[in-house]
Every structure is written in C-alpha cells, then in structure tokens.
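What follows is one structure encoded as structure tokens, with my remarks underneath.
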Amino acid sequence: MKFAFLTSGMMLAFAAYSSFSVSDAYSKLLAGQLDPFEVAFSGGVFGFLIIPFIRRPSESYLDIFAPQHPGMWVVRAVATFAATAASVEAFMLLPMPEALSLMFLMPLFVTILSVTLLREKVSGWAWLSVILGFVGVLIVLRPGMRALHLGHLCALIAAIANAVGVIAYRLAGNDTPRLSLFGSSLFGPLIGDGALMFAHAHWPHGGRTWMFLFGYGFLAALGQLLMMMATARAPANRVALPQYSQMLWAVAFSYFLFHQPLDSWTCVGIVVVTLSGMLNWMRQHIHYERLALKARHEARLRLRGLHRNETIR
C-alpha cells in the first residue's frame, strides 16, 4: 500500500510537469502573435477555472483574499508575476531546452537564499550539485563564444523569481490555506502582467490563437493542482525527481514541433544540468532515508523501554 501511495504521488508529479511543459510550448507557439505580458496575463484569467477543484470543503473562497501572512503573500504574487512574464518571453525567444537549462538554476538561487535569509545549513553535496548545474549552464551558454540576448536574461530572471517564491513559501509556514497559495499565483500575473500589457495588447483573433491562450493558462493552473495533489501523496524528494522530465519534453518539442535542433555542446550542457539535479535528488533521498531509519530506531527503543517497564511491574 505504501509503495502504491508513493507511486501515485510520483505519477501525479510526472503529469504536473507534463502539463507545465505543454503549457510552455503553447506560450512559444504564440510568439509574434501576442505580447508576452498578455500571454502571461491569460494564465491568471484561465487559472480561475481550477479554483473549485482546489478549495477544500472547510475553506472559503474569501481565503484567496485573506492570507494569513500578507507580506509573504505579496512576495509570492510579485515573484509569480516576474516568473511568468520572464519565462513566457524566454520561451518565445529561445529554444525550449536552452531556456529550461537556465531556469534549472533555481536550486542554486534557493540554496543561496536559504543560507543568507533562512540561515539554513547546506551540505557540501548540495553545493556540489548546484555548482555542477552552474557549470552545465555555462556549457549551454558559452559566454564569449556566442551572443547572449534578452531571452537568456529573462530565463535567468524566471529562475531567480521562482527561487524567491520558494523562500516566501517557507517563511509563510505550512499553515497557509491552499486557496491563499493559489490566489497569490493568480493575482500576481493578473495585476502585474495586466498593467504592463496595455501598451502593446490587442484582442486575440482566430480560434487557433484562443486555443493556444487557453492551453497555456489552463494547463499551467492544472499543473499547480496536480503538484498539490502529488505533494499530499509523496515526500518532497520523490516529487522533485520527475521535474527533470521537463527537459525531455523540451527537447522533443524543440526538434519535432519548432524544428530547432540543438548543437552538440548544448546537448552536453543539458546533460550536465540534468545530472546536477539528479545528484541533488539522490542527496535528498539519502537524507530522508536516514531520518526515517533514525525515527524507526528511536521508536523501537521506546517500545523496548515500555516492555521493560511492564516486566518490572
């Protein structure tokens, strides 16, 4: 039963990252048709369709507007706004695997912020994995040997913004209602991207454009719902592993949908970035297994102590 429970969580995580990947592909298909801020804004609009499936019976819809930690709610909203706008622009300007390799720098920024803001202790293995990921990104970008442009900067901003969102979630604690968490991810793009899109926005024309917009917004929100379900069914270290399936989606889309083949050095860099993530996952897996073994050992010792006390009596 336990194995099936964990497997269902991992399968939901695979489904979530697949949903995110297809959503990203839809945003890239809209390149040249709509302003990136308008596309990101649609994510907030169509995301409201998921709210009835997220709300627990004990929660009120007003929880979206009544966060327990208003400061962290605002930080998450701003971080989500920056991440969505920057990632849409990055996917529009870059091949998907190249943009994603930069966004996979998020663990590096989470580690740095954890040390500086949360005063968390980070092991040498964790630093090794993030440094390896940074080396992989350098191989992909090859600064000095090829031109870097706005797309690369946007992908980097998306990684930083997502890391800030993770830290804000940790600072808010685990008692935050799900609707509040989801609300911040909706209102950030609605307000931020909505304000910035008016300079270049225009009404979408054609059923194809509307389908791409809906696919981008709805699948991004669906991915968040699936991730919430996955984390309720499996430990965080198991849910994190399927994230790297996004790179497989990105490579497939790049070759077969967008006809943007990758050069050999880019492929090497992507492999290094993915290996760094696998190393980080293995480190977390070993850490959680040790904690579980320690807990079981302490439970056995307490049980033996109870038996001895009963025998003495």
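The values are calculated or read from the model by the stated rules, or taken from the named source; none is laboratory data. Note that the coordinates shown come from a computational prediction; the quantities given were computed from them, not determined experimentally. Note that each Cβ is placed from the backbone with ideal geometry, even for glycine, and that neighbours are counted across all protein chains shown.
Below, the figures for the structure above:
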item: Single unsatisfied condition, Pro177 versus (1) modelled with pLDDT under 80; (2) surrounded by fewer than 18 Cβ atoms within 10 Å (Cβ to Cβ); result: (2)
item: Count - residues of the range 58-112 that are hydrophobic (A, V, I, L, M, F, W, C) and either over 17 Å from the mean Cα position of the chain (by Cα) or over 22 Å from Tyr17 (Cα atoms) (or both); result: 13
item: Some residue of the range 161-169 being exposed (fewer than 13 other Cβ atoms within 10 Å of the Cβ), closer than 30 Å to Trp265 by Cα, of a type outside the set (S, T, N, Q) and modelled with pLDDT of 85 or more; result: no
item: Check on Glu89, in the same structural domain as Met228 (by TED's automatic domain parsing), of a type in the set (Asp, Glu) and at pLDDT 90 or above; result: no
item: Residue in the range 97-114 that is under 30 Å from His259 (Cα atoms), touching a helix residue (DSSP H, G or I) at 6+ places or on another chain (Cβ under 9 Å), crowded, with 22+ Cβ neighbours inside 10 Å and of a type in the set (D, E, K, R) present; result: yes
item: Residue check, Arg56 basic (Lys, Arg) and at positive phi; result: no
item: Every residue from the range 242-270 that is β-branched (Val, Ile, Thr) and surrounded by 15 or more Cβ atoms within 10 Å (Cβ to Cβ); result: Val251, Thr266, Ile270
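Listed here are the residues, each with its yes/no results for (1) of a type in the set (Val, Ile, Thr); (2) on the phi < 0 side of the Ramachandran plot; (3) in a helix (DSSP H, G or I); (4) not assigned by TED's automatic domain parsing to the domain that holds Thr80.
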| residue | (1), (2), (3), (4) |
| --- | --- |
| Ser180 | no, yes, yes, yes |
| Ala199 | no, yes, no, yes |
| His202 | no, yes, no, yes |
| His205 | no, yes, no, yes |
| Thr209 | yes, yes, yes, yes |
| Phe212 | no, yes, yes, yes |
| Gly215 | no, yes, yes, yes |
| Ala220 | no, yes, yes, yes |
